[in-house]
Amino acid sequence: MPEGVFGRSDAEIDQLVRGKQSGIAVVGFGYIGTVIGAVLAERGWPVTGIDVRQHIVDEINLGTTSVREPGLDELVANNVQAGRLRATTDFGAVADSDFVIVTVGTPLGPDFEPIVDDIEAAARAVGEQLHAGHLVTLKSTVPPDTTEKLVLPILEEISGLRAGVDFGLAFCPERLAEGRAIRDLTSVPVVVGAVEERSARACSTLWRHTLGVDSVVVDDPRTAEMIKLADNWWIDLNIALANELAKVCDRLGMDVLQVIEAANTLPKVNHNVNILMPSMGVGGYCLTKDPWFVNHLGQSLGLELATPRTSRTVNDTMPAYTYELVKQLLADQGKALETSKVAVLGIAFKNNTGDCRLTPTKYTVELLEHAGCDLSVHDPWVTDEEALTVTKIPLTADIESAVKDADALVFLTGHRQFRQIPVVQLAELATDKCVFLDGRNSFDPAEVRAAGLLYKGIGR
């Protein structure tokens, strides 16, 4: 019987995975790596997170994580204590694990080109520890052909082994949404694009027995790489449509959510029309980056693609649009923005997360700062350190202090904590004729108005 997992019969792989008779090394223990590692450990696997950042390794080994994701703190603490989850800077841990999952980042360069330096470095480090029987899965968002034309040659050159013969290699894009990542990981089908059929079958077996999800097997890694970009391209473009629809509805004095809800009942081909939700902006590490990956890809192929640039351009207008709404709402009440107190509630890029990476709230807050208003900022999910990436204004510890005597309540996220506080309580703390800007369309307009606040949503 061969060592490792790759090269075994389907029945042997099935038995090995069911019995968790192996280890999993997760290379790159940022947001995605931590979620994947903690969930796999919770499912009974011995998981080793590998990261070059010592402070991340130390944090995990203490049973804590700075990644703010619902339920993740508990998973990390429980599985570190149980001995199923640990972290290290030593890539030697790869040699002790049959499965290797690479989740390092791919930031944008100055010309919006993907920077794959960390992918290359990870491939070299993994290659030095690679042995026959390994199954290597890349989950980082990358341009098409990265797995086969960058990662594969490095692994083969350094290890002296052959992909698809001695070790397995596949690309399985990350498909998680922040705020519900743990649920998504155990419910959303996994796309598998492998260098050959045995790698694809081994990957599918792993995901089926560890996460309980189906695999969508495609022809090759480059197809799987394109699928991830296509998903985020579609999402960003759809949100851009929703945001421009919201602007039109604002001018016409109608409720964009009512328009969207009814429009989405129209059957079209195999699915209904599916317009997404407008908001004060799009942020995070994927939607703000991947359309530019696609645009750069088009340029490299001699194509001038309009839709990736359009979606980015439209969605990047929303923070300033939100600022102008606040300014106009105050003016309608005879109040000047520069002499008003504005409470900004929520600065993370998404509801129920503490992630401020590329958050659109940063630009709305900057405009409010430049206006000279009395500004308070509160976000129960964001750490003081993370908040400094958005604003130098110290976070207000509680929402009551933030909204006291405010002329405008500007909700830039719709955290569940905000919706748990009775709106009437906020109205009692704020000034008369206080405006209420719902930047994520998270509140019931009737309830807000009944409390005596002047409601305005994006497109509502």
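Side notes on the structure shown:
- For region 381-389, putting each phi into the Karplus relation 6.51 cos²θ - 1.76 cosθ + 1.60 with θ = phi - 60° gives couplings of 8, 9, 6, 4, 5, 5, 4, 5, 6 Hz, in residue order, rounded to whole numbers and with x for Gly and Pro.
- Among beta bridges identified by DSSP and lying wholly in the chain, the antiparallel ones come to about 10 percent.
- Using the Karplus relation 6.51 cos²θ - 1.76 cosθ + 1.60 with θ = phi - 60°, the per-residue 3J(HN,Hα) values for region 423-433 come to 4, 4, 5, 5, 5, 5, 7, 7, 7, 5, 6 Hz, with x marking Gly and Pro.
- For Val217, distant residues with modelled amide H under 5 Å away: Val192
- Potential lengthening between Glu324 and Leu252 on full extension [0.36 nm per residue; Cα-Cα distance subtracted]: 24.2 nm
- Computed lengthening from Leu266 to Gln333, 0.36 nm per intervening residue step minus Cα-Cα distance: 20.1 nm
- Spacing of the modelled spin labels on Val165 and Thr223, each 7 Å from Cα toward Cβ, amounts to 2.4 nm.
- Taking all protein chains into account, the per residue accessible area for region 327-367 stands at 37 Å² (1.4 Å probe).
- Distance (nanometres) between label positions extended 7 Å along Cα→Cβ at Arg419 and Asn78: 2.5
- Cross-link pairs exceeding 22 Å between alpha carbons, from the set Lys289/Lys350; Lys341/Lys433; Lys433/Lys456; Lys289/Lys392; Lys289/Lys327; Lys341/Lys362: Lys289/Lys392; Lys289/Lys327.
- Taking Trp381, Trp233, Trp292 and ordering them by how much accessible surface each has at a 1.4 Å probe, largest first, produces Trp233, Trp292, Trp381.
- Helical contribution to [θ] at 222 nm, DSSP H n ≥ 4, -39,500 (n - 2.57), averaged over the chain, rounded to 500: -12500 deg cm²/dmol
- Rel. contact order, % - alpha carbon contacts under 8 angstrom, at least six apart, the chain: 12
- Per-residue 3J(HN,Hα) values for region 370-379, derived from phi via the Karplus relation 6.51 cos²θ - 1.76 cosθ + 1.60 with θ = phi - 60°, read 5, 6, x, 6, 7, 10, 10, 9, 9, 8 Hz in sequence order (x marks Gly and Pro).
- The residues of region 417-460 present an accessible area of 44 Å² per residue when probed at 1.4 Å with all protein chains retained.
- Eligible aspartates and glutamates near Lys335 by straight Cα distance, threshold 18 Å, same-chain separation 8 or greater: Glu324, Glu369, Asp374, Asp405, Asp407, Asp432
- Efficiency of FRET between Ala121 and Ile393 - r from beta-carbon atoms, R0 35 angstrom, step 0.05: 0.40
- Percent RCO, i.e. relative contact order, over region 257-306, from Cα pairs under 8 Å lying at least 6 residues apart: 19
- Average accessible surface area per residue within region 60-194, 1.4 Å rolling probe, Å²: 39
- Computed over protein heavy atoms with a 1.4 Å probe, the carbon and sulfur contribution to the accessible area of the chain reaches 51%.
The values are calculated or read from the model by the stated rules, or taken from the named source; none is laboratory data. Values in this document were obtained by computation on a predicted structure and should not be read as measured data. Backbone-built Cβ (ideal geometry, glycine too); neighbour counts: all protein chains shown. Note: accessible area is taken over every heavy atom of the protein model, side chains too, but ligands, DNA and RNA are not part of it. Shrake-Rupley method; radii C 1.70, N 1.55, O 1.52, S 1.80 Å.
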